[in-house]
Amino acid sequence: MLKRRYAAEWRFKAYGLGALGIALFFLVVLFYSIISQGWTAFLQTNIKLEVALNEADFQDADGQITEQSIRVADYTKMARDALQSTLGLESPTRPEKRDLRGLLSRGVDVQIRNKIESDRSLIGQTVPVWVLANGEVDALIKGSIDRNTPEERRQLNNKQLAWIDKLIAEGRLEKQFNTGLFTYGASSQPETAGLAVALIGSFFMMLIVALVAVPIGVAAAAYLEEFAPKNTFTDIIEVNINNLAAVPSIVFGLLGLAVFINFMGLPRSASLVGGLVLSLMTLPTVIIATRAAIRAVPPSIREAALGVGASKMQTLFHHVLPLALPGILTGTIIGLVQALGETAPLLMIGLVAFVVDYPTTPLDPATALPVQIYMWASSAERGFVERTMGATIVLLMFLFVMNAAAVYLRRKFERKW
């Protein structure tokens, strides 16, 4: 009998270790898949050009250089002329001009214009400028395009490959840290697409969730746990709170669409609406976690406070809530983490807009980090595959930091009874 019991215990441990091993295996596979495909998104291929900024190119019809004439100057032509000069092409044919255009990103005009607008004294000089290479060039440098593929089935022809090799040999083409991933807005070109709008939108939404869901959730939990009478009405409230925690997130998106947009008339695709929807979704999590933290405070603390003459309100704010703070913070951060990774409710309220300009207020059109990942994942261009994985790495980093903060705060304020 004893031998059979030991065998059963050994099998139970083996099953547990096996389940843990399988879980860890798939976790490693997941992270390896994301990181191996996404780390290249943090690098971007750039070309160094000597751009001639002739004064005539910036003058208006009256021969004056104004802010408007600087804004509408043909920077794309300047970049192409600089590339042509760098490659030593004096009079390229029309096919060669087309091939030259295929080496440069469509965003080079914005890069050069920003440089001029930041320092107008550069006009009239020839200045070195690092500009973005085309997405196909970037894919070639990162190994996504095979040089051995027949020319007719390759995105870059042999002449373009020879030009690229020449630029590499001269030190004019190299991979650099991709700051644009964090500073650019939406774009149809992968090399000029970034997470700036999504990061700002997610920040606004998390701020709204923290300002709306946390105070209301903590207050509701404190009332239900400390002041509410135990009757049928409060039992119904508790059941509904527990049920809301398990409601699919898409339902909250439908609620937000019906109430905040159709009924209240709030702007579609705004961070304010997204924050309010996520607040509704986060409220049950905050309430349940806060009630559990308050319930964990020993009754003797309350009895001692009431015994020396403190009111129930004083007992709550001076003794119970400070001692329950570790659990409240943990539940709050977990709720924020859950809200940060939600996509379905935000799709319902139109946060899939193609937004180029940075939102300055929660009422401006924006998107969110998980929604941006969804949008890039549905794009057909090769460059958006690594952008999707790179954005996923950024999202995972935020989630890791927030969870680490929850663990740190819990350990810092936790008390043992």
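The values are calculated or read from the model by the stated rules, or taken from the named source; none is laboratory data. No experiment lies behind these values; they were computed from the predicted model shown. Every residue, glycine as well, gets a Cβ built from its backbone with ideal geometry; the counts of neighbours run over all protein chains shown. Only protein heavy atoms, including side chains, enter the accessible area calculation; ligands, DNA and RNA are left aside. Shrake-Rupley method; radii C 1.70, N 1.55, O 1.52, S 1.80 Å.
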Could you list, in sequence order, the residues of region 186-217 that are in contact with a helix residue (DSSP H, G or I) (Cβ under 7 Å, 6 or more places away or on another chain), open to solvent by 10 Å² or more (accessible area, probe 1.4 Å) and in a loop (DSSP other than H, G, I, E, B)? 186, 189
Residue selected from region 160-185 under the condition small (Gly, Ala, Ser) and surrounded by 12 or more Cβ atoms within 10 Å (Cβ to Cβ), by the criterion modelled with the lowest pLDDT: 185
If you go through region 381-404 one residue at a time, how many are open to solvent by 40 Å² or more (accessible area, probe 1.4 Å) and more than 16 Å from the chain's Cα centre (by Cα)? 4
Before we move on, is residue 278 in contact with an Asp or Glu (Cβ under 7 Å, 6 or more places away or on another chain), within 30 Å of residue 355 (Cβ to Cβ) and either open to solvent by less than 40 Å² (accessible area, probe 1.4 Å) or not acidic (Asp, Glu) (or both)? yes
Read through the list (1) more than 30 Å from residue 163 (Cα to Cα); (2) open to solvent by less than 60 Å² (accessible area, probe 1.4 Å), then give the number of the only condition that residue 42 fails. (1)
Selection from region 220-236 of residues open to solvent by 50 Å² or more (accessible area, probe 1.4 Å) and touching a helix residue (DSSP H, G or I) at 6+ places or on another chain (Cβ under 9 Å) yields 227
Out of all the residues in region 69-85, is one or more under 21 Å from residue 174 (Cα atoms) and hydroxyl-bearing (Ser, Thr, Tyr)? yes
Flagged pairs (Cβ under 9 angstrom, 6 or more apart or on separate chains; first in region 64-86, at positive phi and at pLDDT 85 or above; second assigned to a helix (DSSP H, G or I) and polar (S, T, N, Q)) are none
Of (1) surrounded by fewer than 16 Cβ atoms within 10 Å (Cβ to Cβ); (2) at pLDDT 85 or above; (3) in a loop (DSSP other than H, G, I, E, B), residue 416 fails just (2)
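What helices (runs of 4 or more DSSP H) completely inside region 54-107 contain at least 3 residues that are surrounded by fewer than 17 Cβ atoms within 10 Å (Cβ to Cβ) and of a type in the set (Phe, Trp, Tyr)? Full working, then the answer.
Working: elements: 67-71, 75-86, 94-101.
Those helices (runs of 4 or more DSSP H) do not exist here; none qualify.
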Looking at (1) open to solvent by 20 Å² or more (accessible area, probe 1.4 Å); (2) within 30 Å of residue 131 (Cβ to Cβ); (3) in a helix (DSSP H, G or I), can you tell me which one residue 239 breaks? (2)
Considering only residues that are of a type in the set (Ser, Thr, Tyr) and open to solvent by less than 90 Å² (accessible area, probe 1.4 Å), which ones fall in region 19-39? 33, 36
Go through region 297-380 and tell me which helices (runs of 4 or more DSSP H), entirely inside it, have 1 or more residues that are out of contact with any Ser or Thr (no Cβ under 8 Å at 6 or more places or on another chain) and open to solvent by 20 Å² or more (accessible area, probe 1.4 Å). 299-307, 312-315, 321-340, 344-348
So, first residue in a helix (DSSP H, G or I) in region 256-269, second residue open to solvent by 100 Å² or more (accessible area, probe 1.4 Å) and modelled with pLDDT under 90, Cβ within less than 6 Å, six or more apart or across chains; the pairs are 261/268
Residue under question is residue 286, and the condition is that it be open to solvent by less than 10 Å² (accessible area, probe 1.4 Å), farther than 25 Å from residue 363 by Cα, touching a Gly at 6+ places or on another chain (Cβ under 7 Å) and part of a helix (DSSP H, G or I); does it hold? yes
